Amino acid sequence: MAVEELQSIIKRCQILEEQDFKEEDFGLFQLAGQRCIDEGHIDQLLEVIQNEKNKVIIKNMGWNLVGPVVRCLLWNNKEDDKRKYFLMLDLLIKLCNPKELLLGLLELIEEPSGKQISQIILLLLQPLQTVIQKLHSNKAYSVGLALSTIWSQLSLLPVPYSKEQIQTDDYGLCQCCKALIEFMKPFLEEVTDERENSLENEKLKDELLKFCFKSLKCPLLTAQFLEQSEETENDPLRCFASEIIGFLSAIGYPFSKMIFNHGRKKRIWNYLEFEEEEDKQLADSLASLAYLVFVQGISIDQLPMVLSPSYLLQFNMGHIEVFLQRTEESVFSKGLDLLENSLLRIEDNGLLHQYLEIKSFLTVPQGLVKVMTLCPDETLRKKGLAMLQLYINKLDSQGKYTLFREHITTNGLQDHN
């Protein structure tokens, strides 16, 4: 019955011009197609889609079948059926209106929750990439919309914490990160093509840059990485971080440029205007980036050797402050690691007292006191104390006096000793 209904609608629409299709036709086509899928008439539906006479109908109405086909791919375990559904999805992606497909695919990505989030993202990233590449206008907007939708869903997934969690990847976050890199590569190639220098190209660069900064915050801000002595190429989140930093360099924003522009009034992204919420995320993203470079050593070989240890400490203190303001142990522990990395570069008594005129040089020890007294983890409390002692050791005699007089006594550190 469902096949006959579909054939009847097809027969009626074949004699119509494209502009004469009515809303009622779209609804009837979708209903009949859905029933064909529900009743298992996959071969007959495939014939309809592949028939050259139905090309215009499928172009305009076929996108309505993408949702039902995708759901069947997720829930149907019969290999022969799945093969046919994959063929059907490929045909619909090839034949349908890309604008309608884009919106339909993004709606499907927004639907699921829990472990289904990664399943549908992994299924639809390749079709989504194909659809966007077929668009002749507003490509930057479409890439931005797609990346924003995907990131919003991925940010709902728990970030694996231990080596075992990273390896089992129960929620599929690591797999999605790997697939996202492949998704972005053709668009990265477009913006790095020297022959292309259009306004649309600059907009596309903006969208990729925004996504890189979002990724530095989630999942990379809270992500834990395997020990560097282990096989780092087997750490999917570290590989993702390395790719993201590489993307930043490729589109003209290497980490070294950010260091040299540190403290200047003019921002390094001269044409990119972040929205207010994204602007708030920027501090977390840059702190995450500093940790990845200095502590994890990703792309550190690209840094110029002329930078003094004191300058690097000054650059990192603002980022360390951001880390220590967070409540998650996985985050503020990175602040301790970054502080240790920065201080060990400096000789004892070699940090001039004038640095204490910079706000972060006073707020960071205050943050260390909070870690020492409020953190439930004993290892981190001890690390906080060790970092405070190391910090004091690096200050010159005037700096030690100033720190004790103006800061530590007022925050009650003496009561904790």
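The values are calculated or read from the model by the stated rules, or taken from the named source; none is laboratory data. Computed from a prediction, not measured in an experiment: that's the story for all the values here. Cβ: placed from backbone, ideal geometry, glycine included. Neighbour counts: every protein chain shown. Ligands, DNA and RNA are excluded from the accessible area calculation, which covers all protein heavy atoms including side chains. Shrake-Rupley method; radii C 1.70, N 1.55, O 1.52, S 1.80 Å.
The table below lists the values:
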| item | result |
| --- | --- |
| Residue count, the range 165-187 (criterion: open to solvent by 30 Å² or more (accessible area, probe 1.4 Å) and assigned to a loop (DSSP other than H, G, I, E, B)) | 2 |
| Elements of type helices (runs of 4 or more DSSP H) in the range 324-399, at least 3 residues being modelled with pLDDT under 95 and either touching a strand residue (DSSP E or B) at 6+ places or on another chain (Cβ under 7 Å) or hydrophobic (A, V, I, L, M, F, W, C) (or both) | 360-374 |
| Index of the failed condition, E190 passing every other in (1) more than 16 Å from the chain's Cα centre (by Cα); (2) crowded, with 17+ Cβ neighbours inside 10 Å; (3) within 24 Å of E233 (Cβ to Cβ) | (3) |
| Qualifying positions in the range 286-321 - in a helix (DSSP H, G or I), over 22 Å from the mean Cα position of the chain (by Cα) and under 21 Å from K394 (Cα atoms) | P309, S310, Y311, L312, L313, Q314, F315, N316, M317, G318, E321 |
| Answer from L135, L122, L156 - the residue that is in contact with a Cys (Cβ under 7 Å, 6 or more places away or on another chain) and either more than 14 Å from S215 (Cβ to Cβ) or of a type in the set (S, T, N, Q) (or both) | L122 |
| Test set (1) among the hydroxyl-bearing types (S, T, Y); (2) open to solvent by 20 Å² or more (accessible area, probe 1.4 Å); (3) in contact (Cβ under 8 Å) with a residue 40 or more places away in the chain - S288 fails condition number | (2) |
| Failed criterion for D170 (all others in (1) over 16 Å from C218 (Cβ atoms); (2) out of contact with any Pro (no Cβ under 9 Å at 6 or more places or on another chain); (3) without any contact (Cβ under 8 Å) to a residue 60 or more places away in the chain hold) | (2) |
| Identity of the residue in the range 23-62, assigned to a helix (DSSP H, G or I), of a type in the set (D, E) and open to solvent by 60 Å² or more (accessible area, probe 1.4 Å), that ends up nearest to L95 (Cα to Cα) | E52 |
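Residue-by-condition table, conditions (1) hydrophobic (A, V, I, L, M, F, W, C); (2) loosely packed, with under 15 Cβ neighbours inside 10 Å; (3) touching a residue at least 40 places away in the same chain (Cβ under 8 Å):
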{"position": "A2", "(1), (2), (3)": "yes, no, no"}
{"position": "E79", "(1), (2), (3)": "no, yes, no"}
{"position": "L89", "(1), (2), (3)": "yes, no, no"}
{"position": "P98", "(1), (2), (3)": "no, no, no"}
{"position": "L101", "(1), (2), (3)": "yes, no, no"}
